[in-house]
Amino acid sequence: MITFVTDRRPGEPCIIQGHEHDPLVIKNLLGEELPKLAPPQPWTHERLESLPLQSLMGEWLERGADAYLGEQWVGSTEV
């Protein structure tokens, strides 16, 4: 399961800002990419959290993966 670190606490910067329309990129720990997911609407923390990634990517995620919006790191299975 990917843990997204896109929720904000007071005083923290928003790491999604400027990347709301970038595709979601999932890379395994070897750097191999799954097909990118384009956002139907701008990404938010809630939209990222609601993605059924486990059912879509199952075993692929078990090997470890990182998530990016474009080039911006937003989460990992290793968090």
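In plain terms, the chain from Val5 to Ser50 could stretch by 14.8 nm, reckoned as 0.36 nm per residue minus the Cα-Cα distance. Secondary-structure-derived ellipticity at 222 nm for the chain, considering helices only, amounts to -5500 deg cm²/dmol, per-run term -39500 (n - 2.57) for DSSP H runs with n ≥ 4. Here is the list for the stretch 30-79: trypsin sites (Lys or Arg not before Pro) lying in DSSP coil, each with at most 13 other C-beta atoms within 10 angstrom of its C-beta, are Lys36, Arg63. With loop membership from DSSP and a limit of 15 other Cβ atoms within 10 Å, the longest segment of the chain without GluC sites (Glu not before Pro) is 33-70. Seen from every direction in turn and averaged, the convex hull around the alpha carbons of the stretch 3-76 projects onto 4.9 nm². Bridge orientation summary for the stretch 3-76: considering DSSP beta bridges with both residues in this region, about 100 percent are antiparallel.
Taking the chain as a Gaussian network, where each spring joins two C-alpha atoms under 10 Å apart, which residue of Gln17, Gln41, Gln54 fluctuates the most? Maximum among the listed residues: Gln41. Any chance you could give the angle, 0 to 90 degrees and rounded to 10, that helix 53-62 forms with the longest Cα principal axis of the chain? With rounding to tens, the tilt is 60 degrees.
Considering only Leu69, Leu61, Leu51, the mean-square fluctuation computed in a Gaussian network model of the chain, springs between alpha carbons under 10 angstrom, is largest for Leu51. Over all orientations, the stretch 14-54 has a Cα convex hull whose mean projected area works out to 3.4 square nanometres.
Every read-out reported here was derived from the displayed coordinates using simple, explicitly stated rules and does not represent laboratory data. Note that the structure is predicted; figures quoted are calculated from it, not measured. Positions of Cβ are generated from backbone atoms using ideal geometry, with glycine treated the same way; all protein chains shown enter the neighbour counts.
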